[in-house]
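As structure tokens, the structure follows; a few thoughts come after it.
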Amino acid sequence: MTMYFKDGFKDDLAIIGMGCSKFGERWDTGLEDLIIDAAYEAFEDAGVGSKDIQACFFANTNAPNNCSGTPVADALKMHGIPITRNENWCAAGHIAMIDACLAVKSGMCDIAMAIGAEKLKDRGSGGLGVGRGLNPVRETRRDAPGSFALIAEAYFRKYGISDEEGKELLAKIAVKNHANGSLSPKAHFHNIVTLEQVIKAPLIASPLGLYDCCGTSDGSACAIITRSDIARQLRDDPIYIKGFGCSTDMITPHYRYRDFDWTSFESLRKCAQMAYAMAGIVNPRTELDLAEVHDCFTITEMCIYEDFGFSEKGAAPRDIEEGFFERTGGLPVNVDGGLKCFGHPVGASGIRMTYELYKQLQYKVDNPKRQLKNVHRGLSQTFGGPPQIAACMIVGNEKG
Amino acid sequence: MKIGIKSLGAYLPYNYLSRAAINRAWGSKGGKGEKSVADVDEDSLTLAVEAAMSCFRFIEREKIDTLYFASTTGAYAEKSHSALISVACDLNDESMFTVDFAASTRAGTNAMKAALDAAAGNSNRNILVAAADVRNAFPKSPLENSFGDGSAALVIGSGNDLLAEVEFFTSVNEEINDYWRNAGEKYTRHSEGRFCDEEGYLREVKIILNKLQKNTGTMISEFEKVVLTAQNTKLQVKIAEKFAIAPEKLVDTLLVNVGDTGAAQALIGIVNALENAKAGDRILVVDYGNGANAMVLKVTENITKISDFQQIQRYLEKRVEMDSYVKFLSWRDIAAAEPGGAFKLPASSAQTWREQNINLRLHGSVCKKCSSVLYPVARICDNCGSKDEYDEVRLSDHICKLYTYCRDEYAGRSDSPVIIQAVAEDPTGCHVYMIMTDCRQDEIKAGMNLEFSFRKMHELGNFPNYFWKVRPLRREKV
């Protein structure tokens with residue numbers, strides 16, 4: 001089934017301003033402060049004010065369930081417009097941006113804002129807690145590391161990779177992302193790690209060790225989206241929305257009928273398919289210049305390489321070995337350090353990733369050592385649940 | 001009409017503590033044998049389900065119309081346990097009579113007596129009697145050393161398919177505070193040892209054995225096997241000496257290797273006796289607790305059908321020694337564990353009731369159109385898309401293969417942090433996601449056989465919430 005804007009979509013919309021807070025354990029900073037940090041950077045970047053925003057989409061998963069979009073209205077004193085909140089797990093940030101795109105594209109408004117903010121460090125405990133779903137017993141002790149680790153065992157077995165080989169393979173992703181993160185001032189972690197450190201780190205959920213897992217941190221990010229014709233009046237270098245995608249699986253894909261083998265995810269494949277169709281991308285491996293993907297765990301990043309078509313099925317290990325996703329490789333992935341270094345304030349992550357694309361494509365990265373050369377089109381992507389929902393966005397600095 | 005035992009099953013927890021380790025923890029030496037320890041997610045109710053499920057090896061569950069549960073340590077003070085055990089065993093609510101027998105360590109054989117009477121009154125009835133106990137004793141007390149956790153179950157009925165006929169049953173009553181636990185208390189109390197032994201156990205057992213000799217005309221020494229429940233082996237030896245029972249005739253009620261399993265001890269002894277019996281053997285069973293019960297079993301030719309299905313020895317061989325006495329104290333909430341991360345789960349008695357077929361009976365659905373089997377019960381078939389065209393199917397007795405897994409180091413509570421997250425595939429191709437338990441790290445391998453085990457998951461909503469886990473085969477064998 002193909003759908004999605006058959007009358008054309010490309011380059012109708014653009015991002016005119018973005019903001020991103022410092023990520024980390026921000027004990028002295030509240031949710032509203034995080035919202036203000038990201039929103040005001042975006043306002044200043046776009047040259048607009050809060051009163052210019054006509055609709056706002058708030059991504060947040062951990063604030064109390066009855067607060068709706070009010071944290072944004074309260075923090076920014078931005079009231080009298082629609083502000084809705086979505087809590088689509090790790091994909092919430094992307095979905096807020098997609099909602100903003102749809103609001104503008106539909107003609108409902110001219111300028112919409114997507115903001116993701118998460119205050120995980122007010123939870124009182126590390127991690128994201130145990131138990132998932134609508135049922136009190138079936139997923140009692142399910143947590144994020146345990147769920148994503150199930151992929152690793154299945155992948156290694158399917159492709160005949162030994163535990164030792166697999167550990168080393170995944171460790172290379174962690175080493176890459178940490179090296180990249182060391183160049184990101186706004187990241188939570190800046191430490192460079194070695195292969196040996198990663199492999200010998202304490203086990204979290206086999207085979208994933210400490211450095212295979214991202215941290216939990218506080219953070220926020222914001223995007224202001226408008227029509228391209230308005231965007232050009234506001235700035236010379238708007239970043240155009242080329243496409244986006246979203247796909248949801250059941251809360252327990254484990255229970256799907258047979259076709260699910262834990263090495264590939266329908267939500268990832270369909271999400272990619274939708275975005276590529278909108279953006280007119282046939283071969284993402286060559287047509288994308290950079291990507292920010294959901295490295296909540298190293299195995300997740302590897303899985304995304306394949307389901308997003310960066311690598312052939314079963315070929316991600318070879319691409320990792322050959323350094324294809326390094327910052328100097330064919331398709332640099334997570335050049336800002338990814339979730340591995342930013343941590344994962346759930347609702348903020350998708351917008352934070354897109355912030356990196358935006359700055360890279362404008363050649364305005366905060367640390368010049370991180371700036372890629374000659375980049376035109378990038379993809380950001382989140383995958384949440386544990387693995388049931390994927391969303392992504394493709395942006396570019398040129399029309400056409 | 002012959003009345004007796006048609007099927008049997010026992011269950012012993014995977015974990016045990018050596019008594020030497022308990023004593024060592026308190027700075028003293030010595031200690032013989034082991035004490036079996038229910039896991040942090042086991043209670044007398046889950047133990048009873050384990051034993052009861054084994055009974056369906058020798059009788060179809062559809063034939064069971066009554067379930068008696070016997071224990072001094074039920075999870076609830078008010079609410080039926082037998083009702084829940086019946087559902088976990090996937091017995092038919094519409095034809096079931098369920099009763100709980102409690103308070104006395106004699107509850108197991110008390111339930112048997114009620115079952116025998118019921119079978120005598122109606123030849124069509126088959127009564128499942130499940131006895132289990134998970135008793136607590138004061139830390140460092142002798143009772144802590146002697147208590148152990150376990151369960152056994154028997155199906156009582158009449159007909160030609162008996163494994164053993166119950167030829168004779170008699171009881172005596174005695175009001176005495178030798179062992180007791182006040183309402184609301186955690187630990188079993190006892191009176192002075194010599195008083196308990198002499199005016200309690202030894203006196204009552206002598207009375208009932210003399211009565212039995214007189215009424216049956218059979219000398220105690222003539223029985224081929226004697227199941228003699230007791231608080232310790234010394235008492236068993238004293239009775240054996242008094243009635244000239246040859247030592248080899250005394251059936252092991254597992255006091256040394258498992259411990260005093262309370263209401264379950266007599267039934268565990270009966271299972272152990274029958275698993276090693278031959279046709280024609282006469283087995284004397286004596287159970288104690290505020291009086292005594294005694295019965296005579298006569299083993300039938302049918303006993304050969306269980307000869308390849310001995311469980312007790314298998315359970316004793318396939319278990320592990322706990323590395324820590326402190327962990328035992330924590331599992332029993334004697335030394336409290338730090339609560340784990342907040343559960344992100346709903347807890348609702350209405351939902352638990354509504355979804356009991358899925359969660360307690362472990363029902364999936366089989367599509368009438370395309371035969372796909374799905375768990376949990378799916379109103380919409382994930383394969384062919386049909387709506388509300390399915391039959392429910394029980395998965396709990398399926399043997400699955402491990403599909404994928406991980407060892408999650410921090411998902412559990414502080415005293416048992418490691419959780420094996422597992423996806424298993426049943427013989428129909430249906431996938432289930434569950435926690436895997438009772439396994440050694442080095443034995444976990446994709447493709448290995450797994451069976452389902454009924455467990456307590458948590459107490460959200462202020463009641464115990466039960467579900468299933470998977471584990472390497474212990475109850476079943478391939």
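The values are calculated or read from the model by the stated rules, or taken from the named source; none is laboratory data. Here the structure is a predicted model, which is why all the values come from computation and not from measurement. Note: ideal-geometry Cβ built from the backbone for every residue, glycine included; neighbour counts use all protein chains shown.
Okay, here's what the table says:
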item	result
Wholly enclosed strands (runs of 3 or more DSSP E) of the range B:128-240 bearing at least 3 residues surrounded by fewer than 20 Cβ atoms within 10 Å (Cβ to Cβ)	B:164-173
Qualifying residue in the range A:190-206 (condition: within 14 Å of chain B (Cβ to nearest Cβ), over 30 Å from residue A:322 (Cβ atoms) and surrounded by 20 or more Cβ atoms within 10 Å (Cβ to Cβ))	no
Unique residue being in contact with a Leu (Cβ under 9 Å, 6 or more places away or on another chain), among the small types (Gly, Ala, Ser) and away from chain B (no Cβ under 14 Å) when the list is A:112, A:92	A:112
Residue in the range B:304-361 that is farthest from the other protein chains (Cβ to nearest Cβ), counting only those that are closer than 24 Å to residue B:441 by Cβ and among the polar types (S, T, N, Q)	B:324
Conditions (1) hydrophobic (A, V, I, L, M, F, W, C); (2) more than 14 Å from chain B (Cβ to nearest Cβ); (3) buried (at least 18 other Cβ atoms within 10 Å of the Cβ); number of the one not met by residue A:230	(3)
Residue B:455 under 25 Å from the mean Cα position of the chain (by Cα), among the basic types (Lys, Arg) and more than 30 Å from residue A:160 (Cα to Cα)	yes
Out of B:414, B:396, sole residue that is farther than 24 Å from residue B:361 by Cβ and of a type in the set (Ser, Thr, Tyr)	B:414
Residue satisfying condition, being farther than 21 Å from residue B:414 by Cα, among the small types (Gly, Ala, Ser) and within 13 Å of another protein chain (Cβ to nearest Cβ), within set A:152, A:171, A:144	A:152
Check on residue B:23, out of contact with any strand residue (DSSP E or B) (no Cβ under 7 Å at 6 or more places or on another chain) and of a type in the set (S, T, N, Q)	yes
Members of the range B:38-93 found to be among the β-branched types (Val, Ile, Thr) and either part of a loop (DSSP other than H, G, I, E, B) or free of Cβ contacts under 8 Å to residues at least 60 places away in the same chain (or both), listed by number	B:40, B:59, B:64, B:72, B:73, B:85
Matching entry among B:410, B:405 (being outside any helix (DSSP H, G or I) and buried (at least 23 other Cβ atoms within 10 Å of the Cβ))	B:405
Filter result for residue A:213 (of a type in the set (A, V, I, L, M, F, W, C), over 27 Å from residue B:432 (Cα atoms) and crowded, with 22+ Cβ neighbours inside 10 Å)	no
Subset tally (residues that are over 23 Å from residue B:468 (Cα atoms) and either of a type in the set (S, T, N, Q) or more than 7 Å from chain B (Cβ to nearest Cβ) (or both)) for the range A:123-141	5
Subset of the range A:237-257 (residues that are in a loop (DSSP other than H, G, I, E, B), surrounded by fewer than 21 Cβ atoms within 10 Å (Cβ to Cβ) and touching a strand residue (DSSP E or B) at 6+ places or on another chain (Cβ under 8 Å))	A:249, A:256, A:257
All positions within the range B:341-352 that are more than 24 Å from residue B:411 (Cα to Cα) and either modelled with pLDDT of 95 or more or aliphatic (A, V, I, L, M) (or both)	B:350
Test for residue A:312: is it part of a loop (DSSP other than H, G, I, E, B), within 19 Å of the chain's Cα centre (by Cα) and at pLDDT 95 or above	no
Considering residues of the range B:443-470 that are among the basic types (Lys, Arg) and more than 13 Å from residue B:432 (Cα to Cα) only, the residue surrounded by the most Cβ atoms within 10 Å (Cβ to Cβ)	B:455
Condition check for residue B:382: of a type outside the set (A, V, I, L, M, F, W, C), out of contact with any Asp or Glu (no Cβ under 8 Å at 6 or more places or on another chain) and away from chain A (no Cβ under 11 Å)	no
Matching residues, the range B:309-351, being in contact with a helix residue (DSSP H, G or I) (Cβ under 7 Å, 6 or more places away or on another chain) and either touching a residue at least 12 places away in the same chain (Cβ under 8 Å) or not in a loop (DSSP other than H, G, I, E, B) (or both)	B:310, B:311, B:312, B:322, B:325, B:337, B:343, B:345, B:347, B:348, B:349
Filtered residue count, the range B:257-278, keeping only those that are among the small types (Gly, Ala, Ser), part of a helix (DSSP H, G or I) and on the phi < 0 side of the Ramachandran plot	5
